[in-house]
Every structure is written in structure tokens, then in C-alpha cells.
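Student: Questions regarding the structure given below will be posed in turn.
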Amino acid sequence: MQDGLPYILPIIFTLSIVIMLLIYWFGGKTAAKGSLKTTHGKKATYACGEDFPVEEVRVDLERFFVFAVYFLIFDVLAFILATSFYTTGLIPIAYSLIVLAAVAALLLARGARK
Amino acid sequence: MTLEPLISALQILIFPGAFFLFCLAFFYEWIDRKFAARVQNRYGPLFTGPSGILQPIADFFKLLSKEDIVPLAVDKLLFTLTPILYSALPLATLFTIPILSQTGIMTFEGDLILVMFVFTLITITVFLAGYGSMSRFSIIGGVRATLQMLGYEIPMGLAMVGPAIAAGSLSISAIVQWQWTRWSWMVWLQPLGFIIFVICMLAELELVPFDIPEAETEIVAGWRTEFSGRKLALLRLGKDFELVLASALVASLYLGGAQPIWSVPSVIAFPITFLLKTVCVVLLFSLLRAVFARFRIDQMVSGMWKYLVPLAILQIILIQLGIGR
């Protein structure tokens with residue numbers, strides 16, 4: 001299958017999305033339609049029976065941001081390690097030790113802030 | 001020569017392709033449910049088919065025939081798109097795994113990177129599903145899924161890269177062939193990486209020690225609280241495909257993949273070996289999920305960074321020193 005390589009990746013991704021769309025469409029055709037009269041409770045989001053205003057639901061992005069930055073840095077480090085298999089030996093080892101020191105520094109800094 | 005496109009189409013659609021993977025997804029869900037139930041001294045699926053083997057299919061069609069309730073507050077586009085993406089992504093990625101021969105249908109240099117990318121994409125889909133649901137349980141579940149990903153993504157990437165460094169290639173098929181020519185599985189060479197990879201796959205699959213994003217006792221059903229009917233059916237299908245993908249990855253990277261245990265490589269031997277090895281991995285997953293209890297989210301993230309990331313880096317250093325390659 002090596003010769004058809006440029007086409008096979010988009011074909012397979014499109015095919016699986018099409019299969020799922022077919023299932024979705026089939027589900028829409030066969031599903032029970034429900035009664036025409038809908039109450040307020042049926043179309044409300046689940047809230048254990050309490051009335052809860054929608055506007056108060058929000059993601060705390062500020063706390064999230066710090067984690068995301070750490071993650072980005074370490075993901076780049078991991079990918080540089082991932083592509084290191086052409087130069088084996090001392091350089092990747094030194095690089096891994098630097099990453100390890102960075103993880104230790106991160107954990108110590110978090111401990112000190114507490 | 002004119003038969004070749006036909007054979008390719010049959011391969012993609014029927015045998016190691018879509019139809020076979022659907023059957024595999026339902027079958028592995030049954031194995032997982034039955035085995036976990038037997039470990040916990042329950043019966044598990046019992047009535048549909050012989051010892052309940054058709055239960056996942058019955059569940060799927062029952063959910064398809066249920067009413068699809070869309071709450072008023074949701075973001076309609078995200079709410080519709082995320083179940084389709086969540087089930088399509090693992091199905092497409094499964095084509096990179098070699099099942100029928102030494103190479104998969106969608107094999108190219110660097111498909112390991114594609115698999116890592118898809119795992120991240122699935123978590124982002126989960127976050128969007130929770131975010132688009134506009135329910136507090138869903139949003140808490142989505143945020144927890146993303147936080148959990150920040151914990152396990154780095155050790156998982158490093159544990160996937162270990163076999164790649166040893167085999168000198170970033171293609172899953174090449175790693176499988178390397179294990180075949182060396183006559184040794186990666187588990188014996190890199191046991192630390194295997195353990196880390198299994199733990200990270202448990203976290204990726206949201207199985208019990210790491211089922212924080214959908215903890216039933218805390219946040220109803222987590223990020224999938226608002227989904228019903230056909231959308232819930234697609235979400236469950238996507239979860240089954242993820243189970244197949246995770247077990248196939250563990251088998252391919254660390255257990256020698258579809259290479260037969262005995263020395264006669266024939267057309268039948270490859271799929272049978274693949275099935276045997278992946279079923280063993282699924283049994284391992286369900287045993288772990290039946291035995292453990294749930295972690296808290298802070299325990300999970302800090303445990304991952306304190307223990308798993310240094311151990312994964314240690315494994316990389318050991319490989320670079322020449323141990324385990």
C-alpha cells in the first residue's frame with residue numbers, strides 16, 4: 001500500500017467521518033420522536049432538580065493558563081527527545097537530564113508556593 | 001492488475017478495515033464488561049446471545065432508537081459535531097496498526113506521531129463536548145479531562161518513543177518488524193516503559209483509577225451528562241474504538257504486534273496472533289479497572305509529574321546508554 005500513500009490518509013479520515021455521519025443519520029430516522037408538547041424541565045440542562053442559571057457556568061481559564069504553558073514547554077521537550085534516535089549517546093542523555101532537572105524545579109517551585 | 005483497487009477497497013471496508021473493527025469494538029466491550037463483572041463477583045451481561053455476547057450491539061441499537069433530546073442552553077454546533085468526531089478519530093487511527101500482514105493499511109514513516117496527535121485531539125474533543133453542553137457537571141468533567149491530559153500526555157509520549165528509538169523508526173509497522181527480526185518483544189527489553197504505557201493508557205481510556213472526568217458519584221456522568229439517544233450511542237462507540245486502539249497499540253509497540261508466536265507466517269496466523277495479544281491486553285485493563293479505586297484529580301496530576309515523568313525519562317536514558325535496544 002506504499003504507492004497509494006498520498007491519497008490513503010485523507011481517504012480513510014473522510015471514510016470514517018462518513019460512516020459516523022451515516023450512523024447519525026440512521027439514528028435520526030429510526031429514533032422515537034417524542035411528544036409534541038415539551039415541558040420546561042425536559043429541555044433544561046441536568047441540575048439535580050434545582051434551577052440553575054446558565055450564565056454562571058464558566059471555565060476558570062486563568063488557573064488553566066499556567067498549566068497549559070507548562071504543558072506546552074514539556075511537550076516540545078518530549079518531541080525533541082522523540083526525534084533523537086539518529087544521534088544516540090551523550091547528547092540525548094544530557095538533554096534528558098536537563099528535562100529531569102526542569103521537572104524537579106517545577107515540583108519544588110510548586111511546593112515552595114504552598 | 002485491475003483487481004488491485006478492488007482488493008484495497010475490500011481491505012479498507014471489510015476485513016482488516018471498518019467492518020472488522022466494528023465487530024472488534026463491540027466484542028472487546030463485552031470482554032471488558034464480562035471480565036470486570038466476574039472479578040467483582042457479579043454476572044455481567046447475561047441474556048442477549050450466548051453469555052450476553054451481543055449485549056453491546058443491543059445497547060447500541062437501543063440508544064439509536066431513543067429520542068435525541070437537545071437541551072435549550074447548549075451550543076448546537078459543538079453538541080452535534082463532537083460525538084461524530086469522538087467516534088471517527090479512533091476508527092481512522094486504527095488503520096495504522098498492522099493486523100493482516102507486517103504493514104498496516106495506512107502505514108507511513110511517522111504514524112506514531114499521528115497516533116499521539118490523535119490522542120490529544122480526542123481529549124480536546126472531550127473538552128469541547130463538555131464546554132458546549134453548558135451544564136456545570138459537563139464543564140467540570142471537561143476541565144478535569146483536560147487537566148488529566150496535562151498529567152499523562154508527557155509520560156505517554158516518552159513511553160511511545162522508547163520502542164521507536166530502539167527500532168530506529170517512527171513507524172508502528174517498522175517497530176513490529178524490528179521485534180520480529182530481533183526475536184524479542186519490547187516488554188523484556190523495556191519493562192519500565194511498558195508499565196508506564198499501560199498506566200497512561202488507563203488514564204487515556206478514563207478507566208477506573210483515572211475515571212476522574214466521568215466520576216459517577218461526584219459529577220453525574222461528567223462531560224457526557226447532557227448527551228442522549230444517537231449522540232450517546234456514538235460516544236459509547238468511540239469509547240470502544242479507543243479501547244481497541246489502546247490495546248492494539250500496547251500489543252504492537254511492546255508485545256510484538258501481529259507477528260505470529262510460532263514461526264510460520266501465514267495469512268491466518270497474523271490476525272489470530274493479533275486477536276490473542278489484544279485480548280490479553282484488554283483483560284489486563286479490565287483487571288486493573290476492577291481492582292483499583294479512583295484517585296483524586298490533584299493526586300493524579302502530581303503523581304504523574306512526581307513519579308511517572310522521571311521514570312519515563314530514566315527509561316529514555318537507559319535506552320540511550322544501550323540497555324534495552
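Student: Suppose R0 equals 25 Å; then what is the FRET efficiency for B:SER184 and A:ALA104 from their Cβ-Cβ distance, rounded to the nearest 0.05?
Tutor: Values: r = 33 Å, r/R0 = 1.34.
Here the calculated transfer efficiency is 0.15.
Student: If the chain between B:LEU6 and B:PHE117 were fully stretched, how many nm would it gain, using 0.36 nm times the residue separation less the Cα-Cα distance?
Tutor: Extra length from B:LEU6 to B:PHE117 when fully extended: 36.9 nm.
Student: Over 26 Å between C-alpha atoms is what I'm after, so list which of B:LYS34/B:LYS306; A:LYS42/B:LYS76; B:LYS76/B:LYS239 land there. Intermediate values should be presented prior to the final figure.
Tutor: Working: B:LYS34/B:LYS306 35 Å; A:LYS42/B:LYS76 16 Å; B:LYS76/B:LYS239 22 Å.
Distance filter (> 26 Å) returns B:LYS34/B:LYS306.
Student: Can you give me the distance in nm between label points at B:LYS306 and B:ALA58, each placed 7 Å from the Cα along the Cα-to-Cβ direction?
Tutor: It works out to 4.6 nm between the two label points.
Student: Tell me the relative contact order for chain B as a rounded percent, counting alpha carbon contacts under 8 Å between residues six or more apart. Intermediate values should be presented prior to the final figure.
Tutor: Values: 490 pairs, mean separation 83.6, N = 325.
For chain B, the relative contact order is 26 percent.
Student: Calculate the spin-label point distance for A:THR14 paired with A:THR83, positioning each point 7 Å from the Cα along the beta-carbon direction, and give it in nanometres.
Tutor: The answer from the label model is 2.9 nm.
Student: B:VAL39 to B:LEU276: extension gain in nm, 0.36 nm per residue of separation minus the Cα-Cα distance? Please report the intermediate quantities before stating the final value.
Tutor: Working: separation 237, 0.36 × 237 = 85.32 nm, distance 2.02 nm.
So the chain would gain 83.3 nm between B:VAL39 and B:LEU276.
Student: Which helices, taking whole DSSP H runs in chain B, have alpha carbons extending 24 angstrom or more along the helix axis plus mean Kyte-Doolittle at least 1.6? It would help to have the intermediate numbers written out before the result.
Tutor: Details: long enough: B:18-39 (31 Å, 0.94); B:76-93 (27 Å, 1.24); B:111-133 (33 Å, 1.95); B:136-167 (46 Å, 0.98); B:229-254 (38 Å, 0.82); B:269-291 (33 Å, 2.02).
Correct list, ordered by number: B:111-133, B:269-291.
Student: Using r as the Cβ-Cβ distance of A:TYR7 and A:THR39, and R0 as 35 Å, what FRET efficiency do you calculate, to the nearest 0.05? Intermediate results must be reported in sequence, preceding the final value.
Tutor: On the way: r = 51 Å, r/R0 = 1.46.
Once rounded, the FRET efficiency stands at 0.10.
Student: Before rounding to the nearest 500, sum -39500 (n - 2.57) across all DSSP H runs of length at least 4 in the protein assembly as shown and divide by the residue total; then give [θ] at 222 nm in deg cm²/dmol. If you can, show how the numbers build up before the last one.
Tutor: Details: 17 runs with 288 residues, N = 439.
After summing the helix terms and dividing by residue count, I get -22000 deg cm²/dmol.
Student: Need one number: buried accessible surface between chains A and B, 1.4 Å probe, both sides summed, DNA, RNA and ligands left out, in Å² to 100. Mind showing how you got there, number by number?
Tutor: Details: alone 11160 and 14850 Å², together 20140 Å².
Approximately 5900 Å², summed over both chains.
Student: Could you pull the accessible area for A:THR45 with a 1.4 Å probe, rounded to 10 Å²?
Tutor: Accessible area of A:THR45: about 30 Å².
Student: Please tell me the relative contact order of the stretch B:10-88 in percent, rounded to the nearest whole number, where contacts are Cα pairs under 8 Å and at least six residues apart.
Tutor: Working: 37 pairs, mean separation 12.9, N = 79.
Relative contact order, the stretch B:10-88: 16 percent.
Student: By the scheme Lys and Arg +1, Asp and Glu -1, what is the net charge of all other residues having a beta-carbon under 14 Å from that of B:PHE60?
Tutor: Numbers: positive: B:ARG33, B:LYS62, B:LYS66, B:ARG230, B:LYS231, B:ARG236, B:LYS239; negative: B:GLU29, B:ASP59, B:ASP240.
Charge balance in the 14 Å sphere: +4.
Student: Relative contact order of the stretch B:146-217: what whole-number percent is it, with Cα pairs under 8 angstrom and at least 6 residues apart?
Tutor: Dividing the mean separation by the residue count of the stretch B:146-217 yields 33 percent.
Student: So for the pair A:ALA32, B:LEU46, with labels modelled 7 Å out along Cα→Cβ, what separation do we get in nm?
Tutor: 2.5 nm
Student: Another one. What average number of partner chain Cβ atoms lie no more than 10 Å from the Cβ of the residues making up B:94-107? Don't skip to the end; give the middle numbers.
Tutor: Numbers: counts 2, 8, 2, 0, 0, 0, 0, 1, 0, 2, 1, 4, 8, 4.
Mean shielding by partner chains, rounded to a whole number: 2.
Student: So how exposed is B:TRP185, as accessible area in Å² (1.4 Å probe, rounded to 10)?
Tutor: Surface open to solvent at B:TRP185 totals about 80 Å².
The values are calculated or read from the model by the stated rules, or taken from the named source; none is laboratory data. The shown structure was predicted, so the numbers you read here are calculated from the model rather than taken from an experiment. Cβ sites come from the backbone with ideal geometry, for glycine too, and all protein chains shown count toward neighbours. Heads up: the accessible areas ignore ligands, DNA and RNA and are worked out on the full protein's heavy atoms, side chains in. Shrake-Rupley method; radii C 1.70, N 1.55, O 1.52, S 1.80 Å.
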